[in-house]
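For reference, the structure discussed in these notes is given below.
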């Protein structure tokens, strides 16, 4: 939990700075309103936020709920990875993936951006992870051949996932004359495919799109009468990230249940 809280605190820095193309190293943590640096005693995950009652010590600026929420969610996801996969390569790998997915979900929800600094390294890490675990998955002795084969397979699925969304994007533009999704969504799905493979990625796409559609319908219904309610943009990436986290922990049984209909 403490490990997850520390990474959650760093993830908050990434969420606040990366969409704005700012360094996560310099300057140090500071209040966005008054610019005063945050003292180490005021930078303890969850505890400092509670002691300060959610406000900056210097100017009284109300610290958004997102900060403690991200810290708590990161800790919870790390704990779930440990309980589900144990202290294994899979457990560490899924913790890294959940870190990336949670950060991208929050960034997309807040800014409608999916920074390359998260998605592209995420694809690379996913390809390496898939290469490492491939031999265990197919029951072979791990060696250079199995590693290379796993890497190539992961690259293939990542490319296929990106091409799928790019194709949908092109078709939508041809029909409507406007862009329906950004290139970041294609990179995000490629990252998910590199980590999770084809079946869990398809489940992610299905659940994410359905969740976004339901949210869109609810949004239009709740905003009835407002002029731009039907043209409002939805953060598809945030829904895909949430669906991918679901697939990490519960997707296996769902995929096996579905494939059982074809046996």
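For the reader, a short list of remarks on this structure follows.
- Residues being surrounded by 15 or more Cβ atoms within 10 Å (Cβ to Cβ), in contact with a helix residue (DSSP H, G or I) (Cβ under 9 Å, 6 or more places away or on another chain), free of Cβ contacts under 8 Å to residues at least 12 places away in the same chain and not in a loop (DSSP other than H, G, I, E, B) are entirely absent from the stretch 51-65.
- Condition check for residue 85: at pLDDT 95 or above and on the phi < 0 side of the Ramachandran plot: no
- Screening the candidates 11, 2 for the property of being crowded, with 18+ Cβ neighbours inside 10 Å and either closer than 12 Å to residue 74 by Cβ or under 25 Å from the mean Cα position of the chain (by Cα) (or both) yields one hit, 11.
- Residue 68 being in a helix (DSSP H, G or I), over 22 Å from residue 126 (Cα atoms) and either out of contact with any helix residue (DSSP H, G or I) (no Cβ under 8 Å at 6 or more places or on another chain) or at pLDDT below 95 (or both): yes
- The combined condition, being assigned to a helix (DSSP H, G or I), in contact with a helix residue (DSSP H, G or I) (Cβ under 8 Å, 6 or more places away or on another chain), at negative phi and at pLDDT below 85, is fulfilled by residue 219.
- Test result for residue 18, closer than 23 Å to residue 115 by Cβ and buried (at least 16 other Cβ atoms within 10 Å of the Cβ): yes
- Every residue from the stretch 82-99 that is over 14 Å from residue 1 (Cα atoms), in contact (Cβ under 8 Å) with a residue 60 or more places away in the chain and surrounded by 17 or more Cβ atoms within 10 Å (Cβ to Cβ): 93, 94, 97, 98
- Residue in the stretch 244-254 that is closer than 24 Å to residue 114 by Cα, modelled with pLDDT of 85 or more and part of a loop (DSSP other than H, G, I, E, B) present: no
- Within the stretch 29-49, the set of residues being in contact with a helix residue (DSSP H, G or I) (Cβ under 8 Å, 6 or more places away or on another chain) and farther than 24 Å from residue 18 by Cβ comprises 41 only.
Table: residues versus (1) more than 28 Å from residue 183 (Cα to Cα); (2) modelled with pLDDT of 90 or more; (3) in contact with a helix residue (DSSP H, G or I) (Cβ under 6 Å, 6 or more places away or on another chain).
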position: 101; (1), (2), (3): no, yes, yes
position: 104; (1), (2), (3): no, yes, yes
position: 108; (1), (2), (3): no, yes, yes
position: 117; (1), (2), (3): no, yes, yes
position: 125; (1), (2), (3): no, yes, no
position: 134; (1), (2), (3): yes, no, yes
position: 141; (1), (2), (3): yes, no, no
position: 146; (1), (2), (3): yes, no, yes
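- Test: residue in the stretch 28-47 that is surrounded by 19 or more Cβ atoms within 10 Å (Cβ to Cβ) and either in a helix (DSSP H, G or I) or on the phi > 0 side of the Ramachandran plot (or both): no
- The residue that is nearest to the chain's Cα centre (by Cα), counting only those in the stretch 173-194 that are surrounded by 13 or more Cβ atoms within 10 Å (Cβ to Cβ) and more than 26 Å from residue 121 (Cβ to Cβ), is 180.
The values are calculated or read from the model by the stated rules, or taken from the named source; none is laboratory data. Because the structure is a prediction, the values reported are computed rather than measured. Every residue, glycine among them, receives a Cβ derived from its backbone with ideal geometry; neighbour counts consider all protein chains shown.
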